[in-house]
Amino acid sequence: MPACMRLVRPRLRRELHDEAGAVATELVLLTPLLIVLLLFVVALGHLAGARINVDGAAAQAARAASIATTPAGAAAEARQSAVAALGSDHVTCATLEVATNTARFAPGGSVTVTVTCAVALSELTGLRLPASEQVASSATSVVDTYRSVP
């Protein structure tokens with residue numbers, strides 16, 4: 001091999017394999033994708049936390065309704081308890097519905113409460129998520145057998 005080819009080959013190899021700036025370019029290209037992925041994980045965590053809080057609010061509302069003395073009082077107590085439980089957990093619902101089923105409201109019967117909360121996802125900009133997501137939970141509580149209900 002001629003001497004001039006021996007000098008050209010290493011130089012060409014260095015130019016072809018020179019990766020200076022490649023890491024910065026990869027970082028610039030991947031950063032927006034990582035941010036969107038992080039926002040998506042935050043949205044999923046927000047929804048999971050809201051589901052847990054709505055489950056707890058439904059259980060508390062059912063228990064409060066089962067202690068009431070009248071079906072109308074049971075519905076009022078259930079709503080008040082659900083609002084208080086969600087407020088103490090710092091859950092803000094765009095719309096909150098509390099449905100109380102008092103069809104079996106008698107000693108030994110049961111009360112079922114369904115809490116539906118529209119959780120806002122609009123604060124997570126950059127993602128094409130719906131403005132809010134409906135989260136619903138039901139809980140049933142037994143009315144005490146040994147008490148009198150009018």
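Values in this text are rule-based calculations from the coordinates and carry no lab data. If you're wondering where the values come from, they're calculated on a predicted model, not measured in any experiment. Cβ: placed from backbone, ideal geometry, glycine included. Neighbour counts: every protein chain shown.
Normalised by 2.2 N^0.38 Å, where N is the number of residues, the C-alpha radius of gyration of the range 53-137 stands at 1.23.
Simple spin-label estimate for Val83 and Val41 gives 3.8 nm between the two label positions (7 Å along the Cα-to-Cβ direction from each Cα). Ala82 sits among other residues whose Cβ lies under 14 Å from its own Cβ, and their net charge, with Lys and Arg +1 and Asp and Glu -1, is -2.
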